[in-house]
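Bear in mind that the values in this text are calculations on the coordinates, not laboratory data. Keep in mind that this is a model prediction, so the values were computed, not measured. Cβ placement follows ideal geometry from the backbone for every residue including glycine, while neighbour counts extend to all protein chains displayed.
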Amino acid sequence: MSEPGSPVIAKRGGSRAVAAFFGNPLSVAGLVIVVAIVLLALAADYVTPFPEHVGPIGDFAAMSAAPASPYMLGTDTMGRDLFTRIIYGYRLSLIMAVVVLAIATPIGVIVGLVAGYRGGWTEYVLMRITDVFLAVPPLVLAMAIMGFLEPTLLNGMLAITAMWWPWYARLIYNVTRAEASEGYVLAAETVGASTAHILFREILPNCWPSILTKMTLDVGFVILMASSLSFLGLGVQPPTPDLGSMVAEGAKYMPDAWWLSLWPAIAILLVVLGFNLVGDGLREAFEAEG
Amino acid sequence: MTPILELDRLGKTFEADGHSVVALADVSLAFERGECHAIVGESGSGKTTIANLVLGLMQPTEGEVRFNGVKLPGLRSRQQKRAIQLVQQNPLSALNPRRSVGASVRLPLDVHEIGPSRERAGRVAALLEEVGLDGEMARRSPRGLSGGQRQRIAIARALACEPELIVLDEPTSALDVLVQARVLQLLHRLRVAHGLTYIFITHDLAVVRAIATRVSVFQKGRLVETGPVEAIFSDPKTAYTRQLIGAVPVVTPEEAKLRDAIRAGSEAAGT
Amino acid sequence: MSEPVLTIRDLRLAFGGRRGHPVLHGISLHVRAGEKVALVGESGSGKSVTARLAMGLLQESPRVHATGSIRFDGIEAISGGRDIARRRGNRVAMIFQDPTSALNPTFRIRGQFRDVLRSGDRGISAAEADRRAEAALAEVSIPDPKRALDSYAFQLSGGMNQRVMIAMALANRPALLIADEPGTALDVTVQAQTLGLMSDLTEKRGTAVLLISHNLGVVREFSDRVYVIYRGRIVEHGTTAQLFAEPRHPYTRALLAAIPKISGGGLPDLPERSPEFESPLIVHEGCGEPVEARA
């Protein structure tokens with residue numbers, strides 16, 4: 001019961017959200033997974049037993065070796081340590097996710113803010129363009145773009161970015177529409193504040209919970225999307241270690257050399273799961289903050 | 001002397017789905033400098049439309065709004081915006097929950113470049129103190145503040161613009177009785193101290209009696225009656241005004257006596 | 001004097017479990033058959049929570065920890081288990097602040113009215129229900145009851161919806177009507193009309209009313225007896241005449257002084273909060289302990 005005049009001094013919103021997040025064991029588990037993967041990926045050069053296996057050359061004496069010391073997860077068809085390549089694969093996936101989201105989020109957020117606040121024909125044009133992108137299945141769109149461009153890492157990121165921003169535009173458009181009817185926006189208008197101030201200093205701070213939650217959830221999905229593209233041979237090319245390509249490559253040798261695709265698949269599952277748990281935890285925490 | 005604000009044959013019609021709704025029809029009214037002019041009416045009376053037209057949030061379909069004798073254009077200059085401020089009904093939504101109290105009060109100072117920027121923090125504290133709050137409150141989030149505290153902050157923000165006219169849109173109707181009494185006193189004090197003019201929009205006639213100097217009664221988009229507050233309450237001229245006063249739930253014998261006299265008057269007038 | 005239909009004794013409540021945020025600190029009140037009693041207080045005082053508990057609406061929430069006793073017709077609502085509302089059947093009815101949102105927007109009034117009447121009389125035929133609904137709507141001065149029955153809530157004005165709510169609430173002849181801020185969302189003239197209507201109808205039928213309100217004026221015009229509640233405690237209790245003629249508790253006095261009056265006069269310089277407001281309960285003469293609710 002938060003009625004005006006209530007004698008209870010509410011906790012600052014932030015600390016309540018933090019308490020809610022850490023009070024949820026699933027969010028904490030997700031955070032542990034995410035932090036572990038990020039740390040491993042960052043320190044890949046030091047924590048992996050065979051960093052030289054990143055390139056095309058492996059241990060030719062132990063090609064397609066089943067999991068056993070010193071290759072705890074086994075080796076691939078070129079004799080390269082799977083554990084090493086998975087960690088480097090993580091590094092690449094995370095870089096992709098960060099770059100894609102770092103470009104797609106601001107574009108989507110600005111489109112959503114402007115369309116939601118200005119209304120009228122601005123809203124009509126921006127949101128119809130957004131809808132066109134949203135109407136095409138993402139993987140199909142990315143495949144179309146990749147079929148048209150060279151299958152390089154950069155183009156892969158470009159393709160994913162192109163299909164990612166509309167989701168942010170739609171999300172922020174809805175948040176902005178709701179916020180724009182709040183009294184504090186009217187107050188800023190009557191005080192004479194500029195549109196830029198109202199969009200970025202008044203409304204945007206109230207979008208952060210939605211943006212952060214979606215970004216966290218999306219890291220997993222971008223990685224999944226990138227893996228799907230490379231699984232289809234449209235993404236990163238050999239010898240760069242990539243989780244999706246590893247699953248695709250290993251699938252040819254199923255079920256005999258099961259470890260070739262099983263470990264990378266579990267790796268993808270883990271990272272997607274980790275970011276999803278954190279994202280869900282964040283959403284609930286922001287809701288608790290109210 | 002020129003009135004501070006004039007509504008000249010003002011009208012507003014909304015077009016919706018092929019048929020039009022008249023929100024305000026042919027309203028001419030002058031607001032004198034320094035008065036607290038109450039705009040009274042029930043829902044659909046047009047009182048909110050007047051607020052929106054005066055603030056420039058809507059454009060009239062007929063007539064014009066003149067401020068200090070000058071017609072206000074569709075797109076107002078920053079100076080024109082600054083001179084007319086608003087205090088809203090709902091104090092819970094009027095402050096951005098993700099900006100500090102100080103940032104909200106400081107906004108007008110930055111927008112209109114009032115005073116050197118290094119002195120603005122001090123000015124914010126002074127404004128908060130003027131509305132009866134601790135200057136330290138600038139650092140706090142509006143979360144957890146009471147409705148009364150938030151409404152005082154909203155008043156401080158309006159004052160920061162150094163306006164000539166403030167539109168008060170049901171400023172105390174969301175507040176508890178004891179809080180309302182203090183906010184009404186604050187508003188009265190500020191009007192006298194700063195020579196402000198108020199347009200006080202409300203449905204509560206008892207509040208009007210307590211704070212207004214002049215009253216205009218609206219019904220269905222039309223001005224029904226206007227006059228000094230004493231005259232409206234001692235001798236209402238129209239049946240509608242009598243009906244409004246007659247419907248107020250009262251708490252003292254004096255009030256009951258006055259109300260019964262007004263009810264009797266309307267029966268005598270055959271309405 | 002008739003015996004109470006509703007007796008609340010030492011009602012305590014905390015949100016967020018036993019050690020949670022306390023809201024009620026031992027509320028005791030009673031409503032006798034046919035009597036109109038008001039519980040008046042500001043927001044956050046606990047008046048609406050008390051009404052909801054009395055109605056049996058909050059008990060099932062896991063976040064609510066309530067102790068004490070609420071007896072209606074000999075049925076205990078605090079420790080009585082999950083099906084309080086059903087066991088009381090139509091003996092208690094409630095009217096809410098916003099009539100438009102209390103009615104279901106997706107069904108016509110006719111269907112909703114039939115459901116209400118069927119809950120009181122399972123065997124009632126559709127034709128009989130419609131006949132009774134029309135009569136009930138006519139009784140609350142709805143000009144064209146047939147047309148109102150065929151309308152959806154959003155097609156009627158706020159005042160009309162409020163009348164429909166009153167007609168529905170009284171349709172099964174409840175012994176007690178709990179009215180939580182009735183008409184507050186409506187215009188003053190409409191509010192005055194609906195309160196008058198509610199007063200006449202309940203008087204005619206001998207229905208007891210517990211009125212929850214923040215508006216002392218409404219309370220003065222409507223009720224026979226008043227409890228003033230401040231921060232989860234009853235601070236003053238008396239007949240309406242006693243309380244308004246001679247308010248004795250500092251909080252009641254402050255409230256009465258702080259209300260703007262149409263007869264004019266300045267507003268006093270009063271604090272919004274004061275330790276004085278927490279001083280002990282004052283009960284006016286003749287308003288002492290009630291007899292127990294009939295078992």
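Here the range A:9-158 is treated with +1 on each Lys and Arg Cβ and -1 on each Asp and Glu Cβ, and its dipole about the Cα centre works out to around 760 debye. For the options C:Leu256, C:Leu39, C:Leu267, a Gaussian network treatment of chain C with springs between C-alpha atoms closer than 10 Å singles out C:Leu267 as fluctuating the most. Pairs of Lys residues in chain B are counted when their Cα atoms are under 27 angstrom apart and they lie 8 or more places apart or on different chains; the count is 13.
In order along the range B:50-60, phi translates into HN-Hα couplings of 4, 4, 5, 5, 5, 7, x, 7, 9, 9, x Hz, rounded to whole numbers, per the Karplus curve 6.51 cos²θ - 1.76 cosθ + 1.60 with θ = phi - 60° and x for Gly and Pro.
The alpha carbon centroids of the range A:219-289 and the range B:1-64 are separated by 62 Å.
Label-to-label distance, A:Val38 versus C:Ile75, with points set 7 angstrom from Cα along the beta-carbon direction: 5.6 nm.
Dipole magnitude for chain B: computed about the Cα centre from +1 point charges on Lys and Arg Cβ and -1 point charges on Asp and Glu Cβ, it is near 860 debye.
Which of the trypsin sites (Lys or Arg not before Pro) found in the range C:94-176 are loop residues per DSSP with 13 or fewer other Cβ atoms within 10 Å of their Cβ? Those satisfying the criteria are C:Arg122. Using the Cα gyration tensor of the range B:5-235, with a ≥ b ≥ c the square roots of its eigenvalues, what is the shape: rounded (a/c below 1.5), prolate (a/b larger than b/c) or oblate (neither)? It comes out prolate by the Cα gyration axes.
Of all the options A:Gly116, A:Gly183, A:Gly250, the one that moves most in a Gaussian network model of chain A with Cα springs shorter than 10 angstrom is A:Gly183.
With the Cα gyration tensor of the protein assembly as shown giving a ≥ b ≥ c as the square roots of its eigenvalues, does the rule (a/c under 1.5 for rounded; else a/b larger than b/c for prolate; else oblate) give rounded, prolate or oblate? Here the protein assembly as shown falls in the prolate category. Out of all DSSP beta bridges with both ends in the protein assembly as shown, state the antiparallel percent to the nearest 5. Of the beta bridges lying entirely in the protein assembly as shown, close to 55 percent run antiparallel. Take each residue in B:177-189, count the other chain C-beta atoms within 10 Å of its C-beta, and the mean is 5. Amide H to amide H, with H built 1.01 Å from N, C:Tyr230 comes under 5 Å of C:Val235, counting only residues 5 or more places away or on other chains. Along the axis of the charge dipole computed for the range A:45-189 (Cβ charges of +1 for Lys and Arg, -1 for Asp and Glu, origin at the Cα centre), the listed residues A:Gly55, A:Leu82, A:Tyr168 are led at the positive end by A:Tyr168. With a 10 Å cut-off around each Cβ of B:91-101, the average count of Cβ atoms from other chains is 6. Computed from phi, the 3J(HN,Hα) profile of the range B:251-260 under the Karplus parametrisation 6.51, -1.76, 1.60 (θ = phi - 60°) reads 10, 10, x, 4, 4, 4, 4, 4, 5, 5 Hz, with x in place of Gly and Pro. Within chain A, which DSSP H helices have Cα atoms that stretch 20 Å or more along the helix axis and a mean Kyte-Doolittle hydropathy of at least -1.0? In chain A, the long hydrophobic H runs are A:25-42, A:82-118, A:120-135, A:153-180, A:204-231, A:259-289. Peptide B:109-115 is shielded by partner chain Cβ atoms: per residue, an average of 2 of them sit within 10 Å of its Cβ.
FRET efficiency for the pair C:Ala33 and A:Ala288, taken as 1/(1 + (r/R0)^6) with r the Cβ-Cβ distance and R0 = 51 Å, rounds to 0.65. Placing unit charges on the Cβ atoms only, positive for Lys and Arg and negative for Asp and Glu, gives chain C a dipole magnitude near 860 debye about its Cα centre.
Could you give the longest part of chain A that holds none of the trypsin sites (Lys or Arg not before Pro) found in DSSP loops with at most 16 neighbouring Cβ atoms within 10 Å? So the longest stretch without any such site is A:13-251. Packing order of peptides C:281-287, B:17-23, highest average first: C:281-287, B:17-23 (average count of other Cβ atoms within 10 Å over each peptide's residues).
With contributions of -39500 (n - 2.57) from each DSSP H run of at least four residues, the per-residue ellipticity at 222 nm computed over chain B stands at -11500 deg cm²/dmol.
Among beta bridges from DSSP that stay inside chain C, the antiparallel ones total about 55%. Using the Cβ-Cβ distance between B:Lys257 and C:Asp269 with R0 set to 22 Å, the FRET efficiency from 1/(1 + (r/R0)^6) comes to roughly 0.25.
Distances between placed amide hydrogens fall under 5 Å for B:Cys36 paired with B:Tyr198, B:Thr213, B:Arg214, all partners being 5 or more residues away or on another chain.
Largest GNM mean-square fluctuation among C:Asn172, C:Asn215, C:Asn104, using chain C with Cα springs under 10 Å: C:Asn104.
Beta bridges assigned by DSSP with both partners in the range B:121-271 are antiparallel in approximately 55 percent of cases.
Shape class for the range B:167-206, computed from the alpha carbon gyration tensor (a ≥ b ≥ c): oblate, with a/c not under 1.5 and a/b at or below b/c. Computed 3J(HN,Hα) for the range C:135-145, one whole-Hz value per residue from the Karplus formula 6.51 cos²θ - 1.76 cosθ + 1.60 where θ = phi - 60°, is 4, 5, 5, 5, 5, 8, 6, 7, x, 10, x, glycine and proline marked x. Projecting the Cα atoms of C:Pro143, A:Tyr124, C:Gly196 onto the charge dipole of the protein assembly as shown (Cβ charges, centred on the Cα centre) puts C:Gly196 farthest toward the positive pole.
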